[in-house]
Amino acid sequence: MVIENIRYKVVVNHEDQYALWMHGKENASGWKDTGVVGLKPECLAYINAVWTDMRPLILRKAMSGMMIPRTTHVQASLFAA
């Protein structure tokens, strides 16, 4: 049995999507620290507890009526026979 002692941190992006990142490494662009650092099982347990809705934030807002979806205007001539 291999015991992994690598420390990770939990990061989150602007769409409230979570990921593991190596502790001590600079975050990828668009990702920020959550403050959670630990072994992989601990970090995954945190993510499982807080990331209960996998939909991106923009989709959750649109589906809850918080946003008015953009509509595409189509020329009427496209529908002419």
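Here are a few things to note about the model shown:
- Scanning the range 35-59 for residues that are outside any loop (DSSP other than H, G, I, E, B), under 12 Å from the mean Cα position of the chain (by Cα) and either at pLDDT 95 or above or charged (D, E, K, R) (or both) yields a single hit, I47.
- Among residues of the range 1-34, those that are open to solvent by less than 70 Å² (accessible area, probe 1.4 Å) and not in a loop (DSSP other than H, G, I, E, B), counted: 10
The values are calculated or read from the model by the stated rules, or taken from the named source; none is laboratory data. All of these numbers come straight from a predicted model, not from anything done at the bench. Heavy atoms of the whole protein, side chains included, go into the accessibility calculation; ligands, DNA and RNA do not. Shrake-Rupley method; radii C 1.70, N 1.55, O 1.52, S 1.80 Å.
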